[in-house]
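Structure first, commentary second.
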Amino acid sequence: MKLSNYLFSGVMRSWSTSLASFCTLSFGFLFVYLKFTSVKEEAHLHHLPKEIACPGSILNESNNSQTYVTGDGRVGGIFFMETSDKTSPTLQMMCAVESAPRANPHTKITIMMNGLMGSNQSLPQNLGLSLLSCFSNVEFVYLDLKKLFSDTPLGTWYSKVERHWELVDYTTLLDATRLAALWKWGGIYLDTDFIILKNLGNFTNAMGVQSLYIINGAFLTFQPQHKFIELCMNDFVDAYNYWLYGHQGPQLLTRVYKRWCGIHRLRDKKSCRGVNILPKESFYPVDWHDWKKFFELIEPKEIKMSLRNSYGVHLWNKKSQGKHMEPGSLLEHLQLEYCPATNNLRKMYFKMYLNMLMSHIIYARVVCVDT
């Protein structure tokens, strides 16, 4: 009898120890998760409502939107592109698009999305499209890749990769689509990881440098059928190399510009033959290798000083997306001022997810305490 009681008490002690360890690890894991990680928004945005009432801060100026129309009637203006089949914008993309019409209320903003699957179909119902549709100068259109590349130097290239998608990725495809769109319709192209600070109406036939040695294509503005863009498309095809990262993007723009100006170094000419190179602080005030600065605490007056010559801030999506944003950080200050509606949704989303995690914590605590 004593032996059986001893064995039973040993089993219970072992069980209690294991359960205590499990509870401790569970609480520790949830604390670390909340402190140091960010929520994978794409996997959970569907928990939020699919429609939203337009915030009062969004001003509708439907009769005053300025458009740039070429001979075929297509609108240029400012445009963003989504070459994947996604139709639900991430919070980062929502911030980028929201900031553009706020800074450029009289310019047509077009979001071209491959996933819309035809111009005659109604827009999918999701939170991002609902919010961004509140801006009267924002429109969503189907990105018809075959039609876009037709009658351009990229037409033959696209016919090949369309049959062999292993020869291209979304980044390279985007490098091609923005060149074709600029050549056909002109306007201002922006990556979806920008926050726009000021009006962009004074720029034309311009690009920005990200360093002394390289031009970045996250911001491009050109008139329709510009010879420089035509040369970029020709180089895209003639020197195509899918395996070298950036070869069809920043490196292409840099080598074509050097040939365009007959120079060996970017710093030798900041403008030539009608094409302008904007200084780094215009659109890339934070270096890609300093991307962690977006998540560091900073005073508002310091932001105004450091960004006084900037028209936009590129966030280096591949580095920054999905990282935890502390209150008072540079990124939070930018979102509060330039995309406040998206920032409010981000807070609502994080609060919802936090409540869900807390419910798991409470459940785990009840189980541990009761046991």
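The values are calculated or read from the model by the stated rules, or taken from the named source; none is laboratory data. Values in this document were obtained by computation on a predicted structure and should not be read as measured data. Here the Cβ is made from the backbone with ideal geometry for all residues, glycine too, and neighbour counts use every protein chain on show. We work out accessible area using only protein heavy atoms, side chains counted, and drop any ligands, DNA or RNA first. Shrake-Rupley method; radii C 1.70, N 1.55, O 1.52, S 1.80 Å.
Can you name every one of the helices (runs of 4 or more DSSP H) wholly within region 102-207 that holds 1 or more residues which are over 24 Å from GLN335 (Cβ atoms) and open to solvent by less than 10 Å² (accessible area, probe 1.4 Å)? Write out each step before concluding.
Details: elements: 127-132, 145-149, 155-163, 170-185.
Fully inside region 102-207 and qualifying: 145-149, 155-163, 170-185.
Looking at this structure, is GLU296 farther than 24 Å from ILE188 by Cβ, among the charged types (D, E, K, R) and touching a Phe, Trp or Tyr at 6+ places or on another chain (Cβ under 9 Å)? Don't jump to the end; show me each part of the working.
Details: farther than 24 Å from ILE188 by Cβ: yes; among the charged types (D, E, K, R): yes; touching a Phe, Trp or Tyr at 6+ places or on another chain (Cβ under 9 Å): no.
So GLU296 fails the test.
Among (1) in a helix (DSSP H, G or I); (2) touching a Gly at 6+ places or on another chain (Cβ under 9 Å), which single condition is GLN335 missing?
(2)
Inspect region 154-175 for any residue being touching a Ser or Thr at 6+ places or on another chain (Cβ under 8 Å) and not aromatic (Phe, Trp, Tyr) and give the result as yes or no.
Keep residues of region 154-175 that are touching a Ser or Thr at 6+ places or on another chain (Cβ under 8 Å), which gives 170, 173-174.
Next cut, not aromatic (Phe, Trp, Tyr) only: 173-174.
So far as region 154-175 goes, yes, one or more of its residues are touching a Ser or Thr at 6+ places or on another chain (Cβ under 8 Å) and not aromatic (Phe, Trp, Tyr).
Do we find a residue being in contact with a Leu (Cβ under 8 Å, 6 or more places away or on another chain) and of a type in the set (S, T, N, Q) anywhere in region 124-144?
Yes, region 124-144 has at least one match.
Look through region 242-253, keep the residues that are touching a helix residue (DSSP H, G or I) at 6+ places or on another chain (Cβ under 7 Å) and not in a loop (DSSP other than H, G, I, E, B), and return whichever of them is farthest from GLU166 (Cα to Cα). Please lay out each step first, then the result.
The first filter runs over region 242-253 and keeps only residues touching a helix residue (DSSP H, G or I) at 6+ places or on another chain (Cβ under 7 Å), leaving 242, 248-249, 252-253.
If we keep only those that are not in a loop (DSSP other than H, G, I, E, B) as well, we get 252-253.
On the way: LEU252: 21, LEU253: 24 Å.
This residue is LEU253.
Just the residues that are exposed (fewer than 12 other Cβ atoms within 10 Å of the Cβ) and modelled with pLDDT under 95, please, taken from region 306-325.
LYS318
Please go through region 148-182 and pick out each residue that is over 20 Å from the mean Cα position of the chain (by Cα) and of a type in the set (D, E, K, R).
Once the filter is applied, which keeps residues that are over 20 Å from the mean Cα position of the chain (by Cα) and of a type in the set (D, E, K, R), region 148-182 yields ASP151, LYS160, GLU162, ARG163, GLU166.
With the structure loaded, tell me whether TYR257 is assigned to a loop (DSSP other than H, G, I, E, B), hydroxyl-bearing (Ser, Thr, Tyr) and either within 26 Å of THR192 (Cβ to Cβ) or open to solvent by less than 60 Å² (accessible area, probe 1.4 Å) (or both) or whether it fails that test.
Details: assigned to a loop (DSSP other than H, G, I, E, B): no; hydroxyl-bearing (Ser, Thr, Tyr): yes; either within 26 Å of THR192 (Cβ to Cβ) or open to solvent by less than 60 Å² (accessible area, probe 1.4 Å) (or both): yes.
In short, no.
In region 89-116, which residues are out of contact with any Ser or Thr (no Cβ under 7 Å at 6 or more places or on another chain) and within 12 Å of PHE140 (Cβ to Cβ)?
Within region 89-116, PRO89, VAL97, ILE109, THR110, ILE111, MET112 qualify.
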